[in-house]
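Data block below; observations after.
The values are calculated or read from the model by the stated rules, or taken from the named source; none is laboratory data. Treat the numbers as computed from the prediction; the structure is a model and nothing was measured. Neighbour counts run over all protein chains shown; Cβ positions are idealised from the backbone, glycine included. With ligands, DNA and RNA removed, areas are computed over all heavy atoms of the protein, side chains included. Shrake-Rupley method; radii C 1.70, N 1.55, O 1.52, S 1.80 Å.
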Amino acid sequence: EIKNLEAIFDLRIANDEKIEPKDWMPEKYRQTHIRQISQHAHSEIVGMLPEGNWITRAPSLRRKVALLAKVQDEAGHGLYLYSACETLGVSREDLYEQLHSGAAKYSSIFNYPTITWADMGAIGWLVDGAAIINQVPLTATSYGPYARAMVRVCKEESFHQRQGFEIMMTLANGTPEQKEMAQDALNRWWWPSLMMLGPTDAASVHTEQSMKWKLKRKTNDELRQQFVDQTVPQAELIGLTIPDPNLKWNEETKRYDFGELDWEEFWQVVKGHGPCNKKRISDRVNAWENGKWVRDAAMAYAEKQEAKKLE
Ligand code: 3HC
């Protein structure tokens with residue numbers, strides 16, 4: 001019986017059909033989607049912290065409003081993705097518990113400090129730039145709720161990337177100190193941004209199966225190469241230098257060759273030993289605990305509204 005169900009499922013995947021919450025799916029398909037979608041949601045929520053740090057210190061009202069909008073978008077993306085994850089039979093509380101206890105993974109990139117205002121530009125330009133490259137293929141992923149969530153997320157990400165690049169362009173065209181600030185931010189965020197796209201295909205435990213299930217439509221290395229090819233000309237356009245001595249245009253492949261990533265650093269950060277891992281989790285736990293009264297008040301208000309309807 002299961003053999004038939006699996007054969008039908010594989011046929012549906014081969015026909016690019018969308019798998020919906022109530023459809024039969026292999027337990028491993030369900031589990032890997034809970035894994036990836038929950039990590040994606042956690043990344044969005046934790047991703048608010050490095051940027052939130054600069055909302056009160058933005059250099060102008062216009063920059064403050066744009067950054068505020070971006071951070072609010074990340075919150076929305078997180079809640080969107082938690083909802084998509086719940087359709088697979090996990091509870092929101094369990095997912096929060098996994099994040100707060102340190103058990104859950106979220107994107108390594110958010111464990112680096114945001115030292116100057118230029119970091120807001122580098123994050124928008126590079127981190128959201130890499131996120132778009134990673135998320136556009138996910139709009140065609142086989143699990144319906146995830147694919148549909150990605151359509152909305154990708155639209156908002158492009159605004160994030162553009163506002164970040166505009167900050168970098170402004171600084172790069174500013175005073176020598178401002179240009180130096182932009183270059184310093186590029187130096188610190190370049191390699192961690194490449195790491196966002198995951199280990200090499202050879203080292204990736206999930207890529208092969210995720211490609212078969214059309215969860216992934218492109219591999220980690222393909223996406224990383226696309227990010228480099230797209231971003232290098234943008235850096236050149238504003239006169240910034242990519243901090244990779246091995247970066248070189250390859251006339252044959254029509255792609256950039258680039259240096260080896262520091263995978264030791266990558267795994268250290270993924271395992272929780274990055275510069276800000278502990279602070280990010282404690283900030284999240286504090287926000288959760290300090291926000292309890294807001295959640296309780298909202299529930300009490302909702303119950304009152306419900307009771308009024310029944311009067
Ligand atoms: N940070 C933390 N953990 C990572 C990682 C990273 N950058 N890259 C890989 N890992 C983990 C994986 O989760 C996996 O661990 P697990 O088995 O415990 O889950 C392990 O390293 C092996 O890596 P794989 O490549 O085999 O894992 P995946 O197939 O899951 O690929 C991925 C990793 C490319 C990040 C994939 O999960 C993915 O595409 N996720 C959806 C997109 C996402 O989460 N993006 C995070 C960016 S944050 C963001 O978009 C916010 C934006 O608004 C800025």
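What the table below lists for this structure:
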| quantity | calculated |
| --- | --- |
| Residue satisfying condition, being touching a residue at least 60 places away in the same chain (Cβ under 8 Å), over 14 Å from Arg35 (Cα atoms) and either touching a His at 6+ places or on another chain (Cβ under 8 Å) or not hydrophobic (A, V, I, L, M, F, W, C) (or both), within set Arg57, Arg62 | Arg57 |
| Cross-chain or 6+ apart pairs with Cβ under 7 Å, segment 124-135 first and closer than 12 Å to Gln230 by Cβ and modelled with pLDDT of 95 or more, then of a type in the set (Val, Ile, Thr) and more than 6 Å from the ligand (Cβ to nearest atom) | Leu126/Thr231; Gly129/Thr231 |
| Residue list for segment 53-79, restricted to those being small (Gly, Ala, Ser) and within 13 Å of the ligand (Cβ to nearest atom) | Ala69, Ala75, Gly76, Gly78 |
| Residue match in segment 21-29 (condition: in a helix (DSSP H, G or I) and open to solvent by 30 Å² or more (accessible area, probe 1.4 Å)) | yes |
| Helices (runs of 4 or more DSSP H) wholly inside segment 110-189 containing at least 1 residues that are over 29 Å from Tyr80 (Cβ atoms) and aliphatic (A, V, I, L, M) | 118-122, 144-172 |
| Count - residues of segment 96-109 that are among the aromatic types (Phe, Trp, Tyr) and either part of a helix (DSSP H, G or I) or more than 9 Å from the ligand (Cβ to nearest atom) (or both) | 1 |
| Residues located in segment 4-29, provided they are free of Cβ contacts under 8 Å to residues at least 60 places away in the same chain, within 15 Å of Thr141 (Cα to Cα) and under 27 Å from the mean Cα position of the chain (by Cα) | Met25 |
| Leading residue by the ranking (nearest to the ligand (Cβ to nearest atom)) among those in segment 175-222 that are over 21 Å from Leu138 (Cα atoms) and open to solvent by less than 20 Å² (accessible area, probe 1.4 Å) | Pro192 |
| Meets criteria (at positive phi and either within 9 Å of the ligand (Cβ to nearest atom) or surrounded by fewer than 17 Cβ atoms within 10 Å (Cβ to Cβ) (or both)) for Gly144 | no |
| Hey, Thr231 within 11 Å of the ligand (Cβ to nearest atom) and crowded, with 16+ Cβ neighbours inside 10 Å or not | no |
| Residue pairs meeting the criteria (Cβ under 6 Å; at least 6 apart or on separate chains; first among the basic types (Lys, Arg), in segment 195-217; second more than 8 Å from the ligand (Cβ to nearest atom) and part of a loop (DSSP other than H, G, I, E, B)) | Lys214/Ser142 |
| Unmet requirement for Asn134, which otherwise passes all of (1) open to solvent by less than 10 Å² (accessible area, probe 1.4 Å); (2) within 9 Å of the ligand (Cβ to nearest atom) | (1) |
| Residue that is farthest from Cys85 (Cα to Cα), among those in segment 36-53 that are in contact (Cβ under 8 Å) with a residue 40 or more places away in the chain and open to solvent by 40 Å² or more (accessible area, probe 1.4 Å) | Asn53 |
| Number of the condition not met by Glu74 [criteria: (1) over 18 Å from Arg152 (Cβ atoms); (2) buried (at least 16 other Cβ atoms within 10 Å of the Cβ)] | (1) |
| Residue satisfying all of: in segment 241-270; of a type in the set (D, E, K, R) and within 25 Å of the chain's Cα centre (by Cα); least open to solvent (accessible area, probe 1.4 Å) among these | Asp244 |
